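K.L.:
Below you will find the structure I want to go over with you.
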């Protein structure tokens with residue numbers, strides 16, 4: 001998959017393509033259904049398949065102080081899109097200035113002039129341009145073929161949506177979020193130095209900042225962790241949150257990788273929550289905390305068959 005930004009001219013061999021447009025945060029099953037329909041037409045017409053998306057996410061521009069909400073940071077979103085049959089990805093630099101572009105100008109400047117697209121696919125709830133006035137009809141009025149795709153529903157007749165994924169993750173409902181996504185959600189980050197409290201208690205942890213990735217419900221999770229340079233996923237007891245006993249200012253991921261001993265500083269970890277086993281809690285003493293961690297690890301070993 002080739003990746004282009006707003007600064008890159010689109011090569012002629014990627015023009016006259018079928019293009020799916022959206023934010024695609026989470027790349028959930030609804031997004032994949034949209035892309036699959038676009039892919040079928042692209043294959044039938046023997047033309048390239050492209051994705052047009054926006055970075056940063058518009059909410060990051062208009063609500064910069066909102067708590068982290070992105071399910072997939074840019075690199076992960078790219079990776080998930082690349083798993084489909086897409087030939088190229090165009091990332092539009094979304095700014096307040098760009099947001100003032102009228103819907104008609106967006107179609108003329110981006111879809112026609114820049115992409116010279118042949119057919120457009122959008123979700124039925126997708127709107128664009130200044131004040132989000134653009135719709136499928138706007139695109140049709142400029143002579144382009146367009147198809148609005150109804151986002152698929154689950155067995156309970158609920159639409160697959162990024163907002164539902166966020167809601168589940170914020171409640172610690174990992175399995176439910178993964179069902180909508182169609183893949184196992186994870187957090188990625190570089191191991192940083194901590195206060196070494198875990199090591200002093202006999203449970204050395206690898207610490208990773210949550211950063212701008214959506215914060216799931218705080219608590220202790222059974223997780224699998226993949227260490228940079230390895231292919232295997234290792235079972236781990238992971239605390240996500242602010243550690244009430246130690247009053248950490250910023251939310252942190254602390255993973256105690258079971259049966260592992262090694263230096264992980266500056267390595268990238270992929271942390272894949274499986275199940276939340278309890279909330280964070282304040283204990284009366286370190287001994288009480290250590291006893292609880294012992295119990296947590298026993299529970300997690302059983303859950304993960306470790």
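K.L.:
How would you rank 122, 290, 10, going from fewest to most other Cβ atoms within 10 Å of each one's own Cβ?
P.N.:
Least crowded to most crowded, the residues run 290, 10, 122.
K.L.:
Which of 203, 265, 160 moves the most in a Gaussian network model of the chain with Cα springs under 10 Å?
P.N.:
In the Gaussian network model the winner is 265.
K.L.:
Between (1) 0.93; (2) 1.14; (3) 0.99, which matches Cα Rg over 2.2 N^0.38 Å calculated for the structure shown?
P.N.:
Entry (2).
K.L.:
What is the packing order of peptides 209-221, 22-34, taking the mean over residues of other C-beta atoms within 10 Å and listing the highest first?
P.N.:
22-34, 209-221
K.L.:
Round to the nearest 10 and give me the degree value, 0 to 90, for the angle of helix 29-45's Cα axis relative to the longest principal axis of the chain.
P.N.:
40
K.L.:
Moving on to the next point. Give me the one-decimal nm value for the distance between modelled label points at residue 158 and residue 108, 7 Å along each residue's Cα-to-Cβ direction.
P.N.:
The modelled label-to-label distance comes out at 4.4 nm.
K.L.:
Let's test the formula: R0 of 22 Å, r as the Cβ-Cβ distance of residue 63 and residue 127. What FRET efficiency results, to the nearest 0.05?
P.N.:
Plugging the Cβ-Cβ distance into 1/(1 + (r/R0)^6) gives 0.80.
K.L.:
If you don't mind, another one. Would you mind calculating the gained length between residue 36 and residue 303 on full extension (0.36 nm times residue separation, minus the Cα-Cα distance), in nm to one decimal? Could you put the intermediate results ahead of the total?
P.N.:
Details: separation 267, 0.36 × 267 = 96.12 nm, distance 3.48 nm.
Separation in residues times 0.36 nm, less the Cα-Cα distance, equals 92.6 nm.
K.L.:
Quick check: the distance between the Cα centres of the range 78-125 and the range 1-75, to the nearest angstrom?
P.N.:
If we compute the Cα centre of each part, the gap is 7 Å.
K.L.:
Right, another one. Can you give the FRET efficiency for residue 288 and residue 167, using 1/(1 + (r/R0)^6), R0 = 41 Å, r = Cβ-Cβ distance, to the nearest 0.05?
P.N.:
Details: r = 33 Å, r/R0 = 0.81.
The pair residue 288/residue 167 has a calculated efficiency of 0.80.
K.L.:
Please check: in the Gaussian network model of the chain (C-alpha springs, under 10 Å), which one of 99, 281, 222 has the largest mean-square fluctuation.
P.N.:
Most flexible of the set in this elastic network: 281.
K.L.:
How far, in nm, would the chain grow between residue 212 and residue 242 when pulled straight, counting 0.36 nm per residue and subtracting the alpha carbon separation?
P.N.:
9.3 nm
K.L.:
Taking the chain as a Gaussian network, where each spring joins two C-alpha atoms under 10 Å apart, which residue of 282, 243, 272 fluctuates the most?
P.N.:
282
K.L.:
Kindly express, to the nearest 10 degrees and within the range 0 to 90, the angle between helix 286-303's C-alpha long axis and the longest C-alpha principal axis of the chain.
P.N.:
The two axes meet at around 50 degrees.
K.L.:
Could you work out the percent of alpha carbon pairs in the range 2-163 separated by over 29 Å, rounded to a whole number? Please list the in-between numbers first.
P.N.:
Values: 1527 of 13041 pairs.
Value for the range 2-163 (Cα pairs over 29 Å): 12 percent.
K.L.:
Can you give me the distance in nm between label points at residue 267 and residue 145, each placed 7 Å from the Cα along the Cα-to-Cβ direction?
P.N.:
It works out to 5.1 nm between the two label points.
K.L.:
How high is the relative contact order of the range 106-166, in percent, counting Cα pairs under 8 Å that sit 6 or more residues apart?
P.N.:
32
K.L.:
By counting other Cβ atoms within 10 Å of each Cβ, how are 87, 259, 125 ranked from fewest to most? Walk me through the numbers on the way to the answer.
P.N.:
Details: 87 18, 259 9, 125 12.
Ordered from fewest to most neighbouring Cβ atoms within 10 Å, 87, 259, 125 come out as 259, 125, 87.
K.L.:
To continue, here is another question. Using Cα pairs under 8 angstrom and six or more residues apart, how large is the relative contact order of the chain, in percent?
P.N.:
Across the chain, relative contact order equals 17 percent.
K.L.:
Suppose R0 equals 35 Å; then what is the FRET efficiency for residue 250 and residue 295 from their Cβ-Cβ distance, rounded to the nearest 0.05?
P.N.:
FRET efficiency, residue 250 to residue 295: 0.85.
K.L.:
Kindly provide the helix-only [θ] at 222 nm of the chain, computed as the sum of -39,500 (n - 2.57) over DSSP H runs of four or more divided by all residues, to the nearest 500 deg cm²/dmol?
P.N.:
Rounded to the nearest 500, the figure is -7500 deg cm²/dmol.
K.L.:
Let me ask another. With the contact rule set at Cα under 8 Å and sequence spacing of 6 or more, what percent relative contact order holds for the range 183-306?
P.N.:
Values: 226 pairs, mean separation 40.0, N = 124.
Averaging sequence separation for qualifying contacts and normalising by length gives 32 percent for the range 183-306.
K.L.:
Kindly put 186, 66, 228 in sequence by how many other C-beta atoms sit within 10 Å of each C-beta, fewest to most.
P.N.:
Ranking 186, 66, 228 by Cβ neighbours within 10 Å, fewest first, gives 66, 228, 186.
None of the figures in this text is laboratory data; all of them are computed from the coordinates on show. Bear in mind that the values here come from a model prediction, so they are computed numbers and not experimental data. Positions of Cβ are backbone-derived with ideal geometry, glycine not excepted, and every protein chain shown enters the neighbour counts.
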